[in-house]
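Chemist: Quick one: structure below, then a few questions.
What follows draws every value from the coordinates through simple rules; no lab data is involved. Computed from a prediction, not measured in an experiment: that's the story for all the values here. Virtual Cβ from ideal backbone geometry, glycine too; neighbours counted across all protein chains shown.
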Amino acid sequence: MAAFVTELETLYHNEPDRVFYIHCFAGRGRTGTIAGILLSRLEKLTGPQSLTKVGALLKTRVYGFGASPENALQIMQVLKLCPQ
């Protein structure tokens with residue numbers, strides 16, 4: 001997962017006009033995990049700050065209910081791979 005996020009980060013820096021669309025089945029669990037790690041790297045956020053931002057962004061969706069990331073394992077992955 002870290003390698004995938006690193007690849008996205010590299011693309012972001014090399015192609016600043018490129019649009020990224022990250023989505024899984026419901027757009028919360030795996031999407032929130034990848035988005036959380038990527039946002040932490042791009043915006044220099046800690047893991048908890050990134051999780052807060054991803055959760056707030058989810059609420060802006062038309063059907064923005066539930067949590068993002070969805071479960072404890074996904075949250076732990078974000079915290080593990082985000083700078084502290």
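Chemist: Which pairs have Cβ atoms under 9 Å, sit 6 or more apart or on different chains, and link a residue in the range 27-50 that is at positive phi to one that is surrounded by fewer than 19 Cβ atoms within 10 Å (Cβ to Cβ) and not hydrophobic (A, V, I, L, M, F, W, C)?
Modeler: 27/61; 27/63; 44/83
Chemist: If I ask for residues that are among the hydrophobic types (A, V, I, L, M, F, W, C) and part of a loop (DSSP other than H, G, I, E, B), which ones from the range 23-42 would you list?
Modeler: Within the range 23-42, the subset among the hydrophobic types (A, V, I, L, M, F, W, C) is 24-26, 34-35, 37-39, 42.
Of everything in the range 23-42, those that are among the hydrophobic types (A, V, I, L, M, F, W, C) and part of a loop (DSSP other than H, G, I, E, B) turn out to be 24, 25, 26.
Chemist: Can I ask one more? Return only the number of the condition from (1) among the hydrophobic types (A, V, I, L, M, F, W, C); (2) in a loop (DSSP other than H, G, I, E, B); (3) in contact (Cβ under 8 Å) with a residue 60 or more places away in the chain that residue 20 does not satisfy.
Modeler: Every listed condition holds for residue 20 apart from (3).
Chemist: Would you check which residues across the range 1-14 are surrounded by 10 or more Cβ atoms within 10 Å (Cβ to Cβ) and farther than 26 Å from residue 73 by Cα and list them?
Modeler: In the first step, residues of the range 1-14 are kept if they are surrounded by 10 or more Cβ atoms within 10 Å (Cβ to Cβ); the result is 1-2, 4-12.
Selection gives 11, 12.
Chemist: Moving on to the next point. Can you give me the number of residues within the range 1-17 that are outside any helix (DSSP H, G or I) and touching a residue at least 12 places away in the same chain (Cβ under 8 Å)? Walk me through how you get there before you give the answer.
Modeler: Pass one, the range 1-17, residues outside any helix (DSSP H, G or I): 1, 15-17.
Those still in the list that are touching a residue at least 12 places away in the same chain (Cβ under 8 Å) too: 1.
Going through the range 1-17 one residue at a time, the tally reaches 1.
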